[in-house]
Amino acid sequence: MAEECRETLLKKVYYDDCPGCVVEQRKQLQRGLPIKMLVSIWLIALSSALPISSLFPFLYFMIRDLHIANREEDIGYYAGYVGASFMLGRVLTSILWGMVADRYGRKPVIIIGIVAVVNYWMAISTRFLLGSLNGSLGPIKAYSCEAFREEHQALSMSTVSVARGIGLIIGPAMGGFLAQPADKYPSIFSQNSIFGRFPYFLPCLCISALAFGVTIISFWLPETLHKHNGKARLHDDSYEALETASGGSDANEKQKTDEQTPKENLFKNWPLISSIIVYCVFSLHDMAYGEIFSLWAVSPRKFGGLSFTTEDVGEVLAISGFSLFVFQITLYPYVERLLGPVMIARVGGIISIPLLSSYPLIAMLSGFSLFVLLNCASVLKNVISITIITGMFILQNRAVDQKQRGAANGLSMTAMSLFKAIAPAAGGALFSWAQKRRDAAILPGSQMIFFILNVVEAIAVLMTFKPFLTLRE
């Protein structure tokens, strides 16, 4: 009898009507990598990133065409405000969406965030509203951690960050190739058509169409949140399970008490908070870099830029996006297992400092040498950024239990969005200020831009060391 009791208790406890338990059972039976699930998560994360980034390459020209800036040097200021409005909207709602995801499930919040994508002052207000409704990133991070077996979690988390990184790259590429189609492709689009009268409509239409397709896919995702009073508890090879088998009612009472334990105060969870702070500083750097790179590339050479067209910027970013995808599916899981998320952040941050310092020197080149070196630098910088961000994702999700994972990711998104709301405005202001001091004796023009970016990166690297960044035991 005791043996039967022990055998029963050594099994995992599931609830028939709980979608989270269904997913747990499915995970136990999985032996290979669920490719369909991975692709679905990749598409959802990609579609949530495109609205942020698609304006970057043609924002310079759109503000110029709307005659908002009085001088060409002031365009960066106004471009930064448009980029910041999306993140400001997300600051105000991310914790709320995380709490909703913990209460009602990851899937509803993911669907709402993707549906929001389907639908110069108007640009700010609509991006603010889009940011307020786009609460899918936090839940999709929690979902990617919960839907896969532990050995596949590094790949699933990297799928989210790489998809968003590719979105932040493909978005500008789409904007660069598809903006002003009547001017670029007159044989296909007439000046009298809607694409001629609204030159920035086509990239927005394409992103909305993608979001519509991803919304349909999202309905087929299984829910991972456990919806019952207790929780599925793994007892295999567990001392607690053996104690329950031999201890009778006292052990059962202990299990009930554990299940009713109140949720931990997230703000007192230092492994979570420290990883969020480091993540925010790296995100501040990456968002400012994304804003500045596109502005720097299309600005005239007299201001230290590259005088690129939007097609040129789109080409560079498309190559970087493809390289990111190849890196994710081939090398990242091995790098993560070899170095771990913290060491990856340290090494990547240190490498990016001399890399960014080389950008003003790259701007002095032309022709084929400029094309090769700029693409190599862009690929390496984006690979480093996504690798670091993925490591921070992993640390944050390991720092909390499932019942708080949505709120924890919502808190992370709120803090990150605040930093990213500052980044475009600060990056645009920094860009305009640097252009005005192109004749300065110390760090003229773009040299000052990349020097300040390196200072931010160096601060982030220092924060990855103890006693600041600590891991959950």
Subject >> Estimated vicinal HN-Hα couplings, Hz - the range 440-451 in sequence order (Karplus 6.51, -1.76, 1.60; Gly, Pro = x) >> reply: 5, 6, 10, 6, x, x, 5, 4, 5, 4, 6, 5
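From the cross-link list Lys268/Lys381; Lys27/Lys381; Lys227/Lys381; Lys403/Lys466; Lys27/Lys466, which pairs have alpha carbons spaced over 30 Å apart?
Working: Lys268/Lys381 34 Å; Lys27/Lys381 35 Å; Lys227/Lys381 42 Å; Lys403/Lys466 28 Å; Lys27/Lys466 35 Å.
The pairs that break the limit, which is 30 Å between Cα atoms, are Lys268/Lys381; Lys27/Lys381; Lys227/Lys381; Lys27/Lys466.
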Subject >> Surface share of carbon and sulfur [accessible, 1.4 angstrom probe, percent] for the range 268-472 >> reply: 74
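Looking at the range 268-472 from every direction and averaging, what is the projected area of its Cα convex hull in nm²?
Details: hull surface 48.5 nm².
Across all orientations, the range 268-472 yields a mean hull projection of 12.1 nm².
Averaged per residue, what accessible surface does the range 268-472 expose to a 1.4 Å probe, in Å²?
Numbers: 7710 Å² over 205 residues.
With all protein chains present, the range 268-472 gives 38 Å² per residue.
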**OP:** Averaging over all projection directions, find the projected area of the Cα convex hull of the range 272-322 and quote it in nm² with one decimal place.
**Re:** 4.4
Subject >> Highest-first arrangement of 426-435, 180-189, where packing means the average Cβ count within 10 Å >> reply: 426-435, 180-189
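How much net charge surrounds Pro181 when only other residues with a Cβ under 12 Å from its Cβ are counted (Lys, Arg +1; Asp, Glu -1)? Before the final figure, lay out each step's value.
Working: positive: Lys184, Arg197; negative: Asp183, Glu311.
With Lys, Arg at +1 and Asp, Glu at -1, the neighbours total 0.
What number comes out for the charge environment of Glu223, summing +1 per Lys or Arg and -1 per Asp or Glu over other residues with Cβ under 14 Å away? Spell out each step's value before the answer.
Numbers: positive: Arg26, Lys27, Arg103, Arg106, Lys107, Lys227, Arg405; negative: Asp17, Glu24, Asp102, Glu146.
Summing Lys and Arg as +1 and Asp and Glu as -1 gives +3.
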Original post:
In sequence order, what are the phi-derived ³J(HN,Hα) couplings for the range 180-186 according to the Karplus relation 6.51 cos²θ - 1.76 cosθ + 1.60 with θ = phi - 60°, rounded to whole Hz, with x for glycine and proline?
Top reply: 6, x, 5, 7, 7, 10, x
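The values are calculated or read from the model by the stated rules, or taken from the named source; none is laboratory data. Since this is a predicted model, take the numbers as computed values, not measurements. For neighbour counting, all protein chains shown are included, and Cβ atoms are generated from backbone atoms with ideal geometry for every residue, glycine included. When the accessible area is computed, the model is the full protein with side chains, heavy atoms only, and any ligands, DNA or RNA have been set aside. Shrake-Rupley method; radii C 1.70, N 1.55, O 1.52, S 1.80 Å.
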